Every structure is written in C-alpha cells, then in structure tokens.
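Nothing in this text is a laboratory measurement; each read-out follows from the coordinates by a stated rule. Being a predicted model, the structure only gives us computed values, none of them experimental.
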Amino acid sequence: MSKILAYHKTVYIPQGWDDGLWQSAVRFWEGRGFRFEERRGETQWGKRGSLWGNLFLLDSRQLRSELSLSRINLTHVEFVLRALTSTGQTITAWNELYWQRELESLETWLLVGDTQEEEWQAFNRQCHKARWGLSPLLFPDPGSVPPGR
C-alpha cells in the first residue's frame, strides 16, 4: 500500500524572490539528487529516488520523492516535499528528520548562503550509526532515536 508524506516550508525572502534565487534553489535541490522539469509559470517540479527506494539502503535520498517550488508572492516561496512510499519500504524517524532538515537547510542557504556542511556531516554520521547499529528496525534501541524526537 502506498503512502505519501508531505513536508511544507514557506520561506520569506526580504529582498524579494527573483530568477537568480529561483536558480539558486534549483541548484540546491539538484545537489540533493532532484531532477527538475521545465518551469511552468510560478511553479517547478522535481523528482528523485526510485521505486526500490530505501527498501534495502535506508537512505532518505533514495526514496521516491517529488518537490514543488511555488512563488506565492514577491517575497514568499513555498516548497513542498512529498515522499512517496510503497509496500515494503520503511520510513524511520531519521528519514523524517532528514527531510525536515533539508527544508530548513534550504532556507539558510537562500537567506545567508550557508550550506551547513558541518551540521550535515554530523547528522549523517548519527544517521549512519543508527542505520547500521544492531538492526534498529528489528531491535529498537531508545538510543537510536534522532535528537529532538
């Protein structure tokens, strides 16, 4: 049975949303594995992942996902990330935190140009430990829960 998880982020851009920032947002998401279609008016769609997704790898970027970028007005843009899961795919708290962090990182990238590389490296190390530590899906370990959960 398929399931769709959606994460929304509206970003306020004080200097106004223009084509340069639009391209910057697209480059940010392309760096995270999305492939984009042509822009249609004030909206653009991207996709990443595959049908097999994180069936074996437990990698959030491998799950089938869709992303929409939509300009709401001159200073606000909305990003909606939809994770498309199917039977047999496991969604962990780490997956959900990963997607939320992606949206938060985008905002920081657009507003101050910070990729938060050190924070992402630390997060990915924590994810990796939780993913490969004594099979947390079969033997849940309270220590494998993401921070803030």
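Potential lengthening of the chain between N73 and Q116 amounts to 12.8 nm, from the contour at 0.36 nm per residue minus the alpha-carbon distance. Divide the volume of the convex hull around the Cα atoms of the stretch 1-43 by the residue count and you get 119 Å³ per residue.
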